[in-house]
Amino acid sequence: MNYQKITPISVADGLGCRVVLWVSGCEHDCVGCHNPDTHDAESGYLFGEEAENRLFELLQPEYIAGVTFSGGDPLYFPNVGTITRLAKRTRSEFPKKDIWVYTGYLYEEVKDLELMQYIDVLVDGKYEQDKRCVGQFYGSTNQRIIFLKNGRVQNIDYESY
C-alpha cells in the first residue's frame with residue numbers, strides 16, 4: 001500500500017485531535033474531489049515499517065483521540081488488508097482511542113469486511129459535487145457518519161455535523 005502523508009494532528013477528520021493516514025488509491029473518481037492526487041495507487045510513498053512506527057508513535061499522547069484513515073480510499077481493494085491490520089493493531093495497543101474510516105463505498109457494500117469489527121466510525125458514500133455542504137466531517141449531504149460497535153450500526157448521524 002502507498003500513502004500520501006501522515007497528519008500528526010487534525011481536528012477536521014473526526015472528533016478530537018487525531019492522527020490521519022492519507023492512503024493512495026481510489027477507484028471512485030468523484031467529480032470535484034478535494035484529494036485527486038490520491039487516486040493513483042502508485043503515487044506517494046510505500047507504507048513500510050518506518051511509516052507504521054511513526055503512525056503508532058504519533059498515537060501515543062493522551063490528547064490524541066484516535067486515528068483516521070482517509071485518502072484516496074482506505075477500502076480500495078489493494079489497501080483494505082493493510083488498513084485492517086493497522087486498525088486491529090490500534091485497537092490492541094490503544095483500546096481507548098477511536099478509529100474513523102472515510103470511504104466512497106457504502107456501508108452496505110463493505111459491512112462484511114473484517115475491518116468493520118475494529119472501527120468506531122465509518123463516513124461512507126462518494127462525494128457528490130451537486131450535494132456539496134459545509135458539514136464538518138463530510139463533503140456532501142449523501143455521505144453518512146455511521147457509528148459502529150463490533151461491526152454493527154449503532155447510529156447514523158445525518159444532522160449533528
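The values are calculated or read from the model by the stated rules, or taken from the named source; none is laboratory data. These figures come from a predicted structure and were not determined experimentally. Don't worry about glycine lacking a Cβ; one is built from the backbone with ideal geometry, like all the others, and counts go over all protein chains shown.
Points to keep in mind about this one:
- Condition met for residue 71 (within 16 Å of the chain's Cα centre (by Cα), closer than 23 Å to residue 42 by Cα, surrounded by fewer than 16 Cβ atoms within 10 Å (Cβ to Cβ) and not basic (Lys, Arg)): no
- Unmet requirement for residue 63, which otherwise passes all of (1) buried (at least 19 other Cβ atoms within 10 Å of the Cβ); (2) touching a Cys at 6+ places or on another chain (Cβ under 7 Å); (3) farther than 25 Å from residue 139 by Cα: (1)
- Restricted to the range 1-23, and to residues there that are free of Cβ contacts under 8 Å to residues at least 40 places away in the same chain and outside any loop (DSSP other than H, G, I, E, B), the residue that is nearest to residue 80 (Cα to Cα) is 5.
- Being modelled with pLDDT of 95 or more and farther than 22 Å from residue 24 by Cβ holds for only one residue in 64, 145, 99, and it is 64.
- Selection of first residues in the range 108-128 that are without any contact (Cβ under 8 Å) to a residue 40 or more places away in the chain and under 22 Å from residue 96 (Cα atoms) and of second residues that are small (Gly, Ala, Ser) and part of a helix (DSSP H, G or I), restricted to Cβ pairs under 8 Å at least 6 apart or on distinct chains, gives the following pairs, ordered by first then second residue: 118/87; 119/87.
- From the list 23, 11, 19, the one residue that fits, being surrounded by fewer than 21 Cβ atoms within 10 Å (Cβ to Cβ) and not polar (S, T, N, Q), is 11.
- Residue selected from the range 140-160 under the condition under 14 Å from the mean Cα position of the chain (by Cα) and either in a loop (DSSP other than H, G, I, E, B) or of a type in the set (D, E, K, R) (or both), by the criterion nearest to residue 65 (Cα to Cα): 144
- Counted residues, the range 55-111 - those being of a type in the set (Val, Ile, Thr) and not in a helix (DSSP H, G or I): 6
- For the range 129-139, filtered to residues that are loosely packed, with under 14 Cβ neighbours inside 10 Å and part of a loop (DSSP other than H, G, I, E, B), the residue that is modelled with the highest pLDDT is 133.
- Residues of the range 24-47 that turn out to be assigned to a loop (DSSP other than H, G, I, E, B) and under 17 Å from residue 140 (Cβ atoms), as a count: 9
- Pairs where the first residue, in the range 28-54, is over 23 Å from residue 85 (Cα atoms) and free of Cβ contacts under 8 Å to residues at least 24 places away in the same chain and the second is among the basic types (Lys, Arg) and in a helix (DSSP H, G or I), C-beta under 7 Å, 6+ apart: none
- Scanning the range 82-107 for residues that are surrounded by 16 or more Cβ atoms within 10 Å (Cβ to Cβ) and more than 23 Å from residue 48 (Cα to Cα) yields 104, 105, 106, 107.
- Qualifying residue in the range 108-116 (condition: buried (at least 20 other Cβ atoms within 10 Å of the Cβ) and out of contact with any helix residue (DSSP H, G or I) (no Cβ under 9 Å at 6 or more places or on another chain)): no
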